[in-house]
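Peer 1: My questions all concern the structure below.
Nothing in this text is a laboratory measurement; each read-out follows from the coordinates by a stated rule. Given the structure is predicted, the values throughout are model-derived calculations rather than measurements. All Cβ positions, glycine included, derive from the backbone under ideal geometry; neighbour counts span all protein chains shown.
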Amino acid sequence: MTNPLADKIKALIRTNGPISVTDYFSLCLADPQYGYYHVREPFGLAGDFTTAPEISQLFGEMIGIFLVHAWQEHGSPTQAIIAEIGPGRGTMMSDVLRVVRRLAPDLYAAADIHLVETSERLRKVQAETLTGHEGKTHWHGSFDNLPPGFLLLAANELFDAIPIRQFVRTAQGFRERMIGLDAEDELTFAAGVAGIDPSLLPTPAQSVAEGTIFEAAPARDAVMAAVCERLRANGGTAILIDYGHLATGYGDTLQAVRNHQYDPPLANPGRADLTSHVDFEQLALRAKAEGLQVNGLAHQGDFLVGLGLLDRAAALGRDKDLATQEAIRDAVERLAGAGAGRMGELFKVLVVSSPEVALVPFRKKAR
Ligand code: SAH
């Protein structure tokens, strides 16, 4: 089967030599002609993967409850921006806004809704999902274009979609991992010439076996820094959710997913979702370096349960038929449970704020 993006990448490599994992990653997701988010409908059963907001309305509702709580702890500012980066189909924002409108009508009335989305196609889908909030919704191609003001920000599965660099341990130390062509003219991994600042490595390079991969994510760091700068300037809270690890370590986490199955990362450029695990220790360090308060970093399951997921699920299931109640139980298990196919432990939640506030479930109210 011909793949126009694979042909384009091969032509690029033939002319200029091997490309970095970062360049491959961003071509796969964001190539304006053939990139994954421009050409595929990734979400849901018919797509390639299912995200938490697409599993159940409970997810977005809990995020809504959290944002209302954060707004109150910040002193209920009379103007607020509720923003999301990478809103996908707009499902989470729709569930958030339903809760905000019910629990905090003042916040709903005061708020402007801003969505940061690079894909033109997804913007249209989001606008459709968010009918009923017209006049309040605004779209931006870049986070930097958000207007100033007190900010409540959420992002789910955004960072995993921002390209990483990979370095592979060779006899000469760590070298940037590249993608070139093999004898059959197929894409293949190779070690390049660029090295890495050894201070970025969790343990000395010498004590790590050859072939070991280290992942660095300067582009994620830059997005985190931009978020922090905004929160510091006008106040607010950001909640960032993704799969990944709590501490920096070694390992190859580059993964492609197609039709709900893992796919070799080089097999179907532009036709499979390409992501990698998020290093939350790095994001939290960046936030602290930018002068922000890190309210907490938790497993998604602990965060949701601590916020009252089980009570909310019980309320949702009350007086419903058995099949509906079963579906709700199943959703709670997928969102908060541990083990294969469940998100509760694999996914992490990072919350950062400025100025300092005490936020449940990380800290009980001091009052
Ligand atoms: N949050 C959604 C979608 C996750 S998929 C959900 O949970 O269902 C990743 C989303 O991030 C897509 O909407 C994609 O278009 C968007 N995205 C990827 N890189 C981005 C960037 N640099 N800026 C803004 N959005 C981005």
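Yes/no matrix, rows are residues, columns are (1) touching a helix residue (DSSP H, G or I) at 6+ places or on another chain (Cβ under 6 Å); (2) surrounded by fewer than 19 Cβ atoms within 10 Å (Cβ to Cβ); (3) not in a helix (DSSP H, G or I):
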site	(1), (2), (3)
G244	yes, no, yes
P265	no, no, yes
P269	yes, no, yes
K288	no, yes, no
L310	no, yes, no
K320	no, yes, yes
R329	no, yes, no
A340	no, yes, yes
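Peer 1: Can you tell me which residue in the range 84-102 is farthest from the ligand (Cβ to nearest atom), limited to those that are within 12 Å of G60 (Cβ to Cβ) and in a loop (DSSP other than H, G, I, E, B)?
Peer 2: Restricting to residues being within 12 Å of G60 (Cβ to Cβ) and in a loop (DSSP other than H, G, I, E, B), the top hit is G90.
Peer 1: Hey, another quick one. Can you tell me which residues in the range 195-221 are small (G, A, S) and free of Cβ contacts under 8 Å to residues at least 60 places away in the same chain?
Peer 2: Matches in the range 195-221: G195, S199, A205, S207, A209, G211, A216.
Peer 1: Which residue is nearest to the ligand (Cβ to nearest atom), if the candidates are limited to the range 222-238 and must be over 16 Å from E84 (Cβ atoms) and in contact (Cβ under 8 Å) with a residue 12 or more places away in the chain?
Peer 2: A225
Peer 1: When the range 1-52 is examined, which residues are found to be closer than 30 Å to L309 by Cα and in a helix (DSSP H, G or I)?
Peer 2: A52
Peer 1: Since T78 meets every condition but one in (1) more than 24 Å from R312 (Cβ to Cβ); (2) away from the ligand (no atom under 15 Å from the Cβ); (3) out of contact with any helix residue (DSSP H, G or I) (no Cβ under 7 Å at 6 or more places or on another chain), which condition does it not meet?
Peer 2: (3)
Peer 1: Kindly establish whether E73 is surrounded by fewer than 23 Cβ atoms within 10 Å (Cβ to Cβ) and without any contact (Cβ under 8 Å) to a residue 40 or more places away in the chain.
Peer 2: So E73 fails the test.
Peer 1: Every residue in the range 311-367 that is polar (S, T, N, Q) and over 20 Å from the mean Cα position of the chain (by Cα), please.
Peer 2: T324, Q325, S354
Peer 1: Let me ask something else. Residues that are within 11 Å of the ligand (Cβ to nearest atom) and within 18 Å of the chain's Cα centre (by Cα): does the range 64-74 have at least one?
Peer 2: Taking every residue of the range 64-74 in turn, none turns out to be within 11 Å of the ligand (Cβ to nearest atom) and within 18 Å of the chain's Cα centre (by Cα).
Peer 1: Now, a different point. If the requirement is being over 23 Å from S353 (Cβ atoms) and in contact with a Phe, Trp or Tyr (Cβ under 8 Å, 6 or more places away or on another chain), which of these qualifies: L107, L122?
Peer 2: From the options L107, L122, the qualifying one is L122.
Peer 1: I would also like to ask the following. List pairs: first in the range 326-339 and touching a residue at least 40 places away in the same chain (Cβ under 8 Å) and closer than 16 Å to M92 by Cα, second part of a loop (DSSP other than H, G, I, E, B) and of a type in the set (S, T, Y), Cβ under 7 Å, 6+ apart or cross-chain?
Peer 2: What qualifies is A331/S56; L335/S56.
Peer 1: Quick one: is V125 under 19 Å from T237 (Cβ atoms) and of a type in the set (V, I, T)?
Peer 2: no
Peer 1: Being among the basic types (K, R) and within 16 Å of the ligand (Cβ to nearest atom) is the filter here, so list the residues in the range 1-59 that pass it.
Peer 2: Correct list: R40 only.
Peer 1: Still on this structure, I have one more. Hey, V360 hits all of (1) over 30 Å from T253 (Cβ atoms); (2) surrounded by fewer than 16 Cβ atoms within 10 Å (Cβ to Cβ); (3) of a type outside the set (K, R) but one; which does it fall short on?
Peer 2: In the conditions (1) over 30 Å from T253 (Cβ atoms); (2) surrounded by fewer than 16 Cβ atoms within 10 Å (Cβ to Cβ); (3) of a type outside the set (K, R), V360 misses (2) alone.
Peer 1: Looking at the range 240-247, is at least one residue more than 25 Å from S142 (Cα to Cα) and acidic (D, E)?
Peer 2: No, every residue in the range 240-247 fails to be more than 25 Å from S142 (Cα to Cα) and acidic (D, E).
Peer 1: Right, something else. Looking only at the range 192-218, how many residues end up being part of a loop (DSSP other than H, G, I, E, B) and among the small types (G, A, S)?
Peer 2: The qualifying residues number 6.
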